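Read through the structure below, which is laid out as structure tokens, and then see the notes.
The values are calculated or read from the model by the stated rules, or taken from the named source; none is laboratory data. No experiment lies behind these values; they were computed from the predicted model shown. Here the Cβ is made from the backbone with ideal geometry for all residues, glycine too, and neighbour counts use every protein chain on show.
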């Protein structure tokens, strides 16, 4: 892998997220990659199956604001889609920030913040050849019928992310809205259940839905989307 500053590689970790937060005690920015995680987690503490063949990567930043954390929610899916497109894989964003290929999940994204430290977690299915039958998932290998260099993908993701962070945010929002699946959804929000069609998000990180009128919901507060 090309030389990246403060890159830490592990064979097995409980969680790349936890390790990144630990390392941020001594560094302003870190990249943590593991071949496998034993206690990987997704949004809301859901477990993340992380067998050999996937890219399990956390990028930690120190001295960041809540606004930076929110911006990663929009920027990161675009970053992943850019990389997949480079490998001729045409995927979509499933609100808020999962990546799907033909109704099967290929990438999950987790953003966590503690005080002024932000850790971005990426779990990308790369070279897995099979998944548990109850898991609706796919991998780059299953889509293209060839193996990929995981280190190369990790480097491309990091480099692209650093570029996108400096882009005009209106452009990023427009890109995000062009990539999301504008589907009909049922979801829970502050104890109420809603149904509607996703239209996009605005720069206040509000989800724009057509539920008979154009209403706004904070994207980070969505409990579930079906």
Collect the residues in the range 112-166 that are part of a loop (DSSP other than H, G, I, E, B), within 20 Å of residue 97 (Cα to Cα) and either touching a strand residue (DSSP E or B) at 6+ places or on another chain (Cβ under 8 Å) or in contact (Cβ under 8 Å) with a residue 60 or more places away in the chain (or both), keeping them in residue-number order. 126, 135, 136, 138, 139, 165
Output the residue which, of all residues in the range 130-162 that are touching a helix residue (DSSP H, G or I) at 6+ places or on another chain (Cβ under 9 Å) and at pLDDT below 95, is farthest from residue 199 (Cα to Cα). 130
Counting only residues that are in contact with a helix residue (DSSP H, G or I) (Cβ under 7 Å, 6 or more places away or on another chain) and in a strand (DSSP E or B), which one in the range 90-105 is surrounded by the fewest Cβ atoms within 10 Å (Cβ to Cβ)? 92
First in the range 190-202 and farther than 16 Å from residue 94 by Cα, second anywhere and loosely packed, with under 15 Cβ neighbours inside 10 Å, Cβ under 7 Å, 6 or more apart: 193/186; 194/211
Name the single residue, out of those in the range 167-196 being part of a loop (DSSP other than H, G, I, E, B) and modelled with pLDDT of 85 or more, that is surrounded by the most Cβ atoms within 10 Å (Cβ to Cβ). 167
Under the condition of being more than 23 Å from the chain's Cα centre (by Cα) and over 27 Å from residue 66 (Cβ atoms), which residue from the range 197-219 is modelled with the lowest pLDDT? 213
Any chance residue 108 is modelled with pLDDT of 95 or more and not in a loop (DSSP other than H, G, I, E, B): no
